[in-house]
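Below is one structure; the comments refer to it alone.
The values are calculated or read from the model by the stated rules, or taken from the named source; none is laboratory data. Owing to the predicted nature of the structure, the values given are computational and were not obtained by experimental measurement. Positions of Cβ are generated from backbone atoms using ideal geometry, with glycine treated the same way; all protein chains shown enter the neighbour counts. These accessible areas exclude ligands, DNA and RNA; they are computed on the full protein's heavy atoms, side chains included. Shrake-Rupley method; radii C 1.70, N 1.55, O 1.52, S 1.80 Å.
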Amino acid sequence: MADCLFCKIANHEIDSLVLYEDDEVLAFRDIDPKAPTHILVIPKKHVDSAALLSEADGPLLGRIFSVIAKLAEDEKLEKGWRVVANVGEEGGQTVGHLHFHLLGGRQMYWPPG
Ligand code: 5GP
Ligand code: ZN
């Protein structure tokens, strides 16, 4: 998608602080962190949001979640962490390319805002 911010980050057309990369997945630090650890994990292929995922995406999601678990370990979040995927306007999604927030390093609260 030519005009997608996270496609541009995935293609390295826009700089980011990359923590993990393979042929399908990229993880980079959020530019405006909401916790001491705030990492975004995205598929390199463009998917609008989690609303468009199907069973066929199972292997990709498995890879994404194993990357998230490894990053949580690297960031020493053994006391706990949170994964969030905002979907659509009311869900608080501001970038229209599927991404999972990995948040940690402070107490999380429930319900979220
Ligand atoms: P959303 O609100 O869609 O769930 O999450 C989008 C996230 O992308 C936000 O937490 C925001 O801070 C982050 N973000 C927006 N633009 C950039 C950018 O150019 N670089 C990085 N690293 N993060 C960004
Ligand atoms: Zn995209």
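Taking the highest mean first, how do the peptides 31-37, 64-70 order by number of other beta carbon atoms within 10 angstrom per residue?
Numbers: 31-37: 12.7, 64-70: 16.3.
Sorting 31-37, 64-70 by mean packing, highest first, produces 64-70, 31-37.
Quick one: accessible area per residue over the chain, 1.4 Å probe, rounded to a whole number of Å²?
That works out to 62 Å² for each residue.
For segment 1-52, which chymotrypsin sites (Phe, Trp or Tyr not before Pro) are in a loop by DSSP, counting at most 12 other Cβ atoms within 10 Å?
none
Would you check segment 9-82 for Lys pairs whose C-alpha atoms are within less than 25 Å, ignoring same-chain pairs closer than 8 in sequence, and give me the count?
7
About its Cα centre, how strong a charge dipole does the chain have in debye, to the nearest 20, once Lys and Arg get +1 and Asp and Glu get -1 at the Cβ?
For the chain, the charge dipole is close to 420 debye.
Stokes-Einstein D for the chain at 4 °C, 1.567 mPa s, Kirkwood Rh over Cα pairs, in µm²/s?
89 µm²/s
Quick one: pull the percent of accessible area on segment 30-91 belonging to carbon and sulfur, 1.4 Å probe, ligands and nucleic acids left out.
53 percent
Pick from H101, H46, H12 the residue whose mean-square fluctuation is largest in a GNM of the chain, springs joining Cα atoms under 10 Å.
Of the options given, H12 has the highest mean-square fluctuation.
Could you compute the net charge surrounding N11? Neighbours are other residues with a C-beta less than 15 Å from the C-beta of N11; K and R count +1, D and E count -1.
The answer is -4.
Show the residues, 5+ positions off or on another chain, whose built amide H is closer than 5 Å to the amide H of L19.
The list, which skips near neighbours in sequence, is A27, F28, R29.
Once ligands and nucleic acids are excluded and a 1.4 Å probe is used, how much of M1 is accessible, expressed in Å² to the nearest 10?
140 Å²
Rounded to the nearest 0.05, what FRET efficiency do E13 and R106 have when you use their Cβ-Cβ distance and R0 = 35 Å?
0.60
Report, in degrees rounded to the nearest 10, the 0 to 90 angle that the Cα long axis of helix 58-74 makes with the longest principal axis of the chain.
40 degrees
E75: accessible area at probe 1.4 Å, nearest 10 Å²?
50 Å²
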